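Working notes, beginning with the structure itself.
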Amino acid sequence: AQKVTQAQTEISVVEKEDVTLDCVYETRDTTYYLFWYKQPPSGELVFLIRRNSFDEQNEISGRYSWNFQKSTSSFNFTITASQVVDSAVYFCALSEAYTGNQFYFGTGTSLTVIP
Amino acid sequence: DTEVTQTPKHLVMGMTNKKSLKCEQHMGHRAMYWYKQKAKKPPELMFVYSYEKLSINESVPSRFSPECPNSSLLNLHLHALQPEDSALYLCASSQGQGKAYEQYFGPGTRLTVT
């Protein structure tokens with residue numbers, strides 16, 4: 001079963017628009033960790049954020065914000081006032097404290113910001 | 001400094017060649033990873049080293065042979081690869097092997113097997 005679902009395969013927005021990338025996860029562990037990574041065309045995965053299952057506070061970092069809702073098993077990522085440099089593939093990932101080996105990556109969302 | 005370096009950036013090899021991919025980190029991380037990523041797919045875990053010992057091998061064919069000479073270096077030795085092994089190979093490191101730790105990735109080696 002897919003543990004992390006990123007239903008949006010590709011998204012295109014015009015520069016300065018806001019965009020939200022969805023991530024829905026599935027786990028039976030009570031302790032788990034959620035991550036977002038950015039992969040620009042150069043290939044390197046860039047770590048953006050880690051969230052613990054026991055910390056439901058939303059977070060804002062500049063133009064980036066994350067909305068963690070355990071009730072809906074979602075960890076969505078919003079980019080405000082998008083820029084061309086935001087064009088990349090974004091991966092959501094889950095790791096479980098007691099089961100599995102390492103990260104379960106979602107299939108990724110390819111974001112294109114059009115100037 | 002959250003940098004993981006990988007060499008070479010690109011590699012083209014024949015099916016009978018032997019080559020090695022190299023990865024280095026100087027963050028004092030004790031866990032290092034090899035991933036394989038095909039186009040438009042997420043990374044797939046291949047190997048995990050924790051404190052320089054192989055702790056996870058995700059049923060990777062023996063034509064891929066990892067090596068961890070010390071806590072900062074990770075190699076992936078390649079021999080008798082198949083064209084379907086062409087992919088982006090990513091190295092990552094984390095503070096420990098615990099799943100709470102974020103992984104930091106290198107830029108990858110784009111491998112083409114001819």
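Before moving on, here are some points about what is shown:
- Most mobile of A:Leu34, A:Leu48, A:Leu94 in a GNM of chain A (Cα contacts under 10 Å): A:Leu48
- In terms of surrounding Cβ atoms within a 10 Å radius of their Cβ, B:His29, B:His79 rank from fewest to most as B:His79, B:His29.
- Note on B:42-52: average number of Cβ atoms from other chains within 10 Å of each residue's Cβ is 3.
- Ascending count of other beta-carbon atoms within 10 Å, so fewest first, for B:Met15, B:Met32, B:Met46: B:Met15, B:Met46, B:Met32
- Number of partner chain Cβ atoms within 10 Å, mean per residue of A:35-43: 3
- Between A:Ala97 and A:Val13, the simple spin-label model (points 7 angstrom out along Cα→Cβ) gives 3.3 nm.
- Residue of A:Tyr37, A:Tyr25, A:Tyr98 that the Gaussian network model of chain A assigns the largest fluctuation, springs spanning Cα pairs under 10 Å: A:Tyr98
- ³J(HN,Hα) computed for each position of the range B:89-95 - Karplus, 6.51 cos²θ - 1.76 cosθ + 1.60, integer Hz, glycine/proline x: 9, 10, 9, 9, 9, 8, 4
- Local net charge near B:Leu81, Cβ-Cβ under 15 Å (Lys/Arg +1, Asp/Glu -1): +4
- By the Cβ rule of 4.7 Å, chain B holds the following cysteines without a possible disulfide partner: B:Cys68.
- Built amide H within the under 5 Å cut-off of A:Gln39, gap 5+: A:Val46, A:Val89, A:Tyr90, A:Phe91
- The H on the amide N of A:Leu21, modeled in the peptide plane, is under 5 Å from the matching H of A:Phe77, A:Thr78, A:Ile79, each at least 5 residues off or on a different chain.
- Amide H to amide H distances under 5 Å link A:Ile11 with A:Ser110, A:Leu111, A:Thr112, where only residues 5 or more positions off or on other chains count and H is placed in the peptide plane.
Throughout, read-outs are computed from the coordinates displayed, never taken from laboratory work. Please read all numbers here as calculations on a predicted model, not as lab measurements. Virtual Cβ from ideal backbone geometry, glycine too; neighbours counted across all protein chains shown.
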